[in-house]
C-alpha cells in the first residue's frame, strides 16, 4: 500500500486533518509529519493574543499519524475505495514537554505494542524540527473494517 | 481450580476496567461485561489479554465474541485449561 493511499483513506479533512506525509511505515510502526499552518483555526482562541498549539491538537495529530495511518496500513488487505475503516479513540495518556508554535513542523513516531481483536495500542512520540521531544505517551483505539 | 477460585481471579482481572462499582460489588456469574459493568470495547480486549496472561492460554476471535458475561468467560477459560 502506497503512503498517499493511506492518507487518502483517512476520514478527516481540513481544518481537522493533521497529516502532511508519511516518512516510513511497517507492520511494527510509522513515522510521519505535519506542519502547523500560521492560520490554523484554533490559534484565534488558544491563547488570547499568544497562539500556541493546544495539547489536544498535538494528541490528535499523534493519533492521526501514529494510530489511524498505521491502523489503515495494518488493515490494508481488507480495505478498498468503498470499504473504509471505522475508527474510535478509546484511551490516551500523554505527557507534554515543549510548546509548538504556528508554522512549526513536527514529526510523529509510533510503535505498535498491541494489535489484537481490533484494538490497536501504540507508544507514540512527537519531536520538533530540532529533534527535541515535544510529547510522549500511549494511544489506543478500536479499528474495524 | 474450582468455580469460586476462578471467579475470584476473574474479579481481580476485571476490576481496573469496570465503570459501574455497584454492579461490580454484586458480581455474579450472570453479570454482563458491557450491560452491567459498562466496560468499553477496548477494555474488553484488555480483559481478554489479561486473562490470557493470567491463565497462560490463547484466546481467538470466536472466544472474544462469546465472552459477554462472567459465566461465558468462566466456561471458556475452563475449557481451554482442560485442553
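Quick note: the coordinates plus some simple rules give every number you see, no bench work behind them. On a predicted model such as this, the values are computed, not experimentally measured, just so you know. All Cβ positions, even for glycine, are placed from backbone atoms using ideal geometry, and neighbour counts span all protein chains on display.
Quick notes on this one:
- Share of pairwise Cα separations in chain B, more than 20 Å, in percent: 23
- Look at the stretch B:63-70: the mean tally of other chain Cβ atoms within 10 Å of its residues' Cβ atoms is 1.
- Against chain B, whose longest principal axis is taken from its Cα atoms, helix B:70-81 shows a tilt of about 20°.
- Each Cα pair under 8 Å and six or more residues apart adds its sequence gap; the mean of these over the residue count of chain A is a relative contact order of 26 percent.
- Its relative contact order, with pairs defined as Cα atoms under 8 Å and 6+ residues apart, puts chain B at 31 percent.
- Listed by Cβ neighbour count within 10 Å, with the fewest neighbours leading, A:37, B:71 appear as A:37, B:71.
- Full extension of the chain segment joining residue A:95 with residue A:123 gains 8.9 nm, where the gain is 0.36 nm per residue of separation less the Cα-Cα distance.
- Degrees, to the nearest 10: B:41-55 long Cα axis against longest axis of chain B: 40
- Alpha carbon centroid spacing (whole Å) that separates the range B:25-83 from the range A:32-101: 33
- Ascending count of other beta-carbon atoms within 10 Å, so fewest first, for A:125, A:2, B:11: A:2, B:11, A:125
- Most mobile listed residue (A:52, A:72, A:22) in chain A, GNM with C-alpha springs under 10 Å: A:52
- Relative frequency of Cα-Cα separations exceeding 28 Å in the range A:3-144, percent: 14
- Difference of contour (0.36 nm per residue) and Cα-Cα distance, residue B:60 to residue B:21: 11.2 nm
- Once the Cα atoms are used to define both axes, helix B:3-14 deviates from the longest principal axis of chain B by about 60 degrees.
- GNM on chain A, alpha-carbon springs under 10 angstrom: the most fluctuating residue among A:81, A:111, A:132 is A:81.
- Residue-averaged 222 nm ellipticity for the protein assembly as shown, from DSSP H runs of 4+ at -39500 (n - 2.57), nearest 500: -8500 deg cm²/dmol
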